[in-house]
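Here the structure is laid out as structure tokens; the discussion comes afterwards.
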Amino acid sequence: MKSKIVQMHNKEFLKHPADSIFQDGYGQIPKMVMCDKGLNIHAKAIYSYLSSFAGGGNTAFPSIGRICEDLDISNKTFQKFFKQLESEGYMKRIHAISEDNKFYNNIYEFVYNVPKKAKKQQGKTVPF
């Protein structure tokens, strides 16, 4: 008897019990980001944290104060490693302005069309 392959949508795979650790939200993290040897572990932690606030979307907007408190890092550390995510093309920061033209908050946008980088292998540069 041949086995039948059934294709399921991600939502069916991502169901979790209401009383699990997922109840307050979760996000998806691309393997490309986690395996990028050029990213510092702090940058990967910030990316992961913001991903948990984005859910299935491409934006998150926790305050810098909350990010720093939850990750137990300083504002300076956050700024340094978020800049790394921006310079590598993984994220953008949008400054939201209130109706009276004052800074309101940051919106962090994930960039999902980042070209794969070449990695060095025995002195040669080869594509992933």
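Annotations
- Residues of the stretch 47-68 that are among the hydroxyl-bearing types (Ser, Thr, Tyr) and part of a helix (DSSP H, G or I): Tyr47, Ser48, Tyr49, Ser51, Ser52.
- Pairs where the first residue, in the stretch 7-29, is of a type in the set (D, E, K, R) and the second is in a helix (DSSP H, G or I) and modelled with pLDDT of 85 or more, C-beta under 9 Å, 6+ apart: Asp24/Ser52
- Selection count, the stretch 76-104, where residues are on the phi > 0 side of the Ramachandran plot and surrounded by 13 or more Cβ atoms within 10 Å (Cβ to Cβ): 0
- Summed over the stretch 35-70, residues that are among the basic types (Lys, Arg), exposed (fewer than 13 other Cβ atoms within 10 Å of the Cβ) and either under 21 Å from Tyr112 (Cβ atoms) or in contact with a strand residue (DSSP E or B) (Cβ under 6 Å, 6 or more places away or on another chain) (or both) total 1.
- Identity of the residue in the stretch 74-104, in contact with a helix residue (DSSP H, G or I) (Cβ under 7 Å, 6 or more places away or on another chain) and hydrophobic (A, V, I, L, M, F, W, C), that ends up nearest to Gln28 (Cα to Cα): Met91
- The residues of the stretch 29-43 that are touching a Leu at 6+ places or on another chain (Cβ under 9 Å) and over 12 Å from Glu88 (Cα atoms) amount to a single one, His42.
- Lys11 vs. criteria loosely packed, with under 10 Cβ neighbours inside 10 Å, over 16 Å from the mean Cα position of the chain (by Cα) and modelled with pLDDT of 85 or more: no
- The stretch 77-107, subset of a type in the set (Val, Ile, Thr) and in a strand (DSSP E or B), residue nearest to the chain's Cα centre (by Cα): Ile107
- Flag for Ile73 being over 24 Å from Lys117 (Cβ atoms), touching a Leu at 6+ places or on another chain (Cβ under 9 Å) and surrounded by 13 or more Cβ atoms within 10 Å (Cβ to Cβ): no
The values are calculated or read from the model by the stated rules, or taken from the named source; none is laboratory data. This one's a predicted model, so the numbers in the text were calculated from it and none came from an experiment. Neighbour counts run over all protein chains shown; Cβ positions are idealised from the backbone, glycine included.
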